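The values are calculated or read from the model by the stated rules, or taken from the named source; none is laboratory data. All values reported here derive from a predicted model rather than from experimental measurement. In this analysis, Cβ positions are derived from the backbone assuming ideal geometry, glycine residues included, and neighbour counts consider all displayed protein chains. These accessible areas exclude ligands, DNA and RNA; they are computed on the full protein's heavy atoms, side chains included. Shrake-Rupley method; radii C 1.70, N 1.55, O 1.52, S 1.80 Å.
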Amino acid sequence: MPRIVMKFGGTSMAGIERIRHVAARVRREVEAGNQVAVVVSAMAGETDRLVQLCREAASLYDPREYDVVVASGEQVTSGLLAITLQGMGLNARSYMGWQLPIRASGHAAALIEGIDVEVLERVFDGGGIAVIPGFQGVTQDNALATLGRGGSDTSAVALAAAMKADRCDIYTDVDGVYTTDPRIVPRARKLDKVTYEERLELASVGAKVLQTRSVGLAMRYKLPLQVLSSFEDRPGTMIVGDEAIEEEIMERNVITGIAHDKNEAMVTLTGLPDNPGTVAAIFAPLAAANVNVDMIVQSVPRRGEPSVLTFTVPTAALAHSVAELEKVRDAIGFEEIVTETHVVKVSAVGVGMRSTAGIAAKMFETLADRNINILAITTSEIKVSVLIPEEYTELAVRVLHTAYGLDAEDGE
Ligand code: ADP
Ligand code: ASP
Ligand code: MG
């Protein structure tokens, strides 16, 4: 019997009416002869609300208790979906992360260590449907753990890999992966296929729909993954290996998509001494505090003169990062710490970049034509990212989408 994991995001679970609709989709897959595990998110907006409550309770809250609070949204929706499926006469039950268990390590952005499938095997043997809250696991000392924002995608893919599912279907509020966020660029085009690698880069630079780690996992296990609409019955986007697009690669655009990320903040340190080891002394405490530094720019006006170092960190880690830097300020001897949160990272991604020159230059020219100032730049083999002032987000995404030839034709 084919096995599938169906994952439903927050908008799809927002309210009883929508949960009924989700239940009908699940029933269809069960009636088609599939063994089904369903992974659900909290209702749209609920996790944000819970995070805000933690912040109000204390600015530097304990991550273990944060997990207890924020995991609750998924507990509610999994119970409600199980009740709804039972109401339709189906044999469904919810299984919390600790009941399977989904073993995880860490808090707030925990990693999945493994998933035991005995319970699920028994459910499937008995002809049942398992409803599982996304985003949560259990640590070795039996504490709740959550997997980082958007983590239900990772729960779904990890579960699909563990139970050797034939595919993992991610149902969301758009009907697939687009060349950019269709809510910002109405001329964004839906992609029939996108490679794991492209999707991985896109997710890592801010495109939503799939959490970065979920794509990495799907790639590792070669798991067929598709993104579909919860609301409309039409083909979605398949996430595939490079080999699946080999024949089409000539006709593909060099750039597959544009993404943006507002969750980075810029930190600038001025008056840095020009000594070996200065940069290491700055980043070591940040690494020790688990802060992910992303873009880095250093400018040294002249050898031996003080330099300026600019880098970005996740906005959520900014207060923490500044506190760590203050501790080493005297030892390193820099002047000022300047922070800026009203910035956005805009990125262009595509495997075609490997064999085409001038992609970055086109980005800089396009932004210059609109008088958009670039604050920092990073590149990889298949990606160019720039940091710009936040007020230009929509304009930058739109003009780059056009410049790279991604706009849909009329009626497309
Ligand atoms: P879910 O709640 O189902 O997990 P998310 O909010 O995580 O959904 O992701 C879906 C949203 O991602 C869409 O509503 C869309 O606005 C946004 N999005 C950003 N980039 C893209 C893209 N390239 N293709 C499709 N949707 C995108
Ligand atoms: N509810 C969690 C969040 O909003 C997890 C998820 O929906 O994927 O981040
Ligand atoms: Mg999501």
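Listed values, structure above:
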{"item": "Listed residues 162, 57, 317, most fluctuating in the chain (Gaussian network, C-alpha, under 10 Å)", "result": "57"}
{"item": "Residue-normalised accessible area of region 253-329, given per residue in Å² at a 1.4 Å probe", "result": "47 Å²"}
{"item": "Per-pair calculated FRET efficiency, R0 = 56 Å: residue 335 and residue 234 via Cβ, rounded to 0.05", "result": "0.45"}
{"item": "The chain: most fluctuating residue of 343, 397, 297 per GNM, C-alpha cutoff 10 Å", "result": "297"}
{"item": "Percent accessible area from carbon and sulfur atoms, the chain, protein chains only, probe 1.4 Å", "result": "50 percent"}
{"item": "Alpha-carbon Rg/Rh ratio, for the chain, with Rh computed the Kirkwood way", "result": "1.00"}
{"item": "Using θ = phi - 60° and Karplus 6.51 cos²θ - 1.76 cosθ + 1.60, couplings along region 330-338 (whole Hz; Gly, Pro as x)", "result": "5, 5, 7, x, 8, 8, 10, 10, 10"}
{"item": "Extension reserve of the residue 283-residue 395 stretch, reckoned as 0.36 nm per residue once the Cα distance is removed", "result": "37.0 nm"}
{"item": "Cα-based convex hull, region 335-396, per residue volume (Å³, whole number)", "result": "101 Å³"}
{"item": "Exceeding the 27 Å Cα-Cα cut-off - candidates 164/190; 164/383; 7/222; 208/383", "result": "164/190; 164/383"}
{"item": "Overall form of region 1-149 per C-alpha gyration tensor (a/c, 1.5; a/b vs b/c)", "result": "oblate"}
{"item": "Dipole of the chain, positive end: most advanced residue of 346, 298, 157 [Cβ charges, Cα centre]", "result": "157"}
{"item": "Separation of alpha-carbon centers, region 265-340 and region 385-408, rounded to whole Å", "result": "28 Å"}
{"item": "Accessible area per residue, Å², region 15-59 with all protein chains present, probe 1.4 Å", "result": "51 Å²"}
{"item": "Prolate/oblate/rounded label for region 268-412 (Cα gyration tensor, a/c 1.5)", "result": "prolate"}
{"item": "Estimated inter-spin distance, residue 244 and residue 222, nm [label 7 Å along Cα→Cβ]", "result": "1.2 nm"}
{"item": "Segment residue 143-residue 117, length gained on full extension (0.36 nm per residue, minus Cα span)", "result": "7.4 nm"}
{"item": "Prolate/oblate/rounded label for region 51-139 (Cα gyration tensor, a/c 1.5)", "result": "oblate"}
{"item": "Extended-chain gain in nm, criterion 0.36 nm per residue less alpha-carbon gap, residue 125 and residue 173", "result": "14.0 nm"}
{"item": "Per residue accessible area in Å² of region 78-117, where ligands, DNA and RNA are left out and the probe is 1.4 Å", "result": "45 Å²"}
{"item": "Assigned charges on the beta-carbon of Lys, Arg, Asp, Glu; the chain dipole about Cα centre (debye)", "result": "600 debye"}
{"item": "Estimated D of region 131-234 in µm² per second, where Rh is the Kirkwood radius over Cα pairs and Stokes-Einstein applies at 10 °C, 1.306 mPa s", "result": "110 µm²/s"}
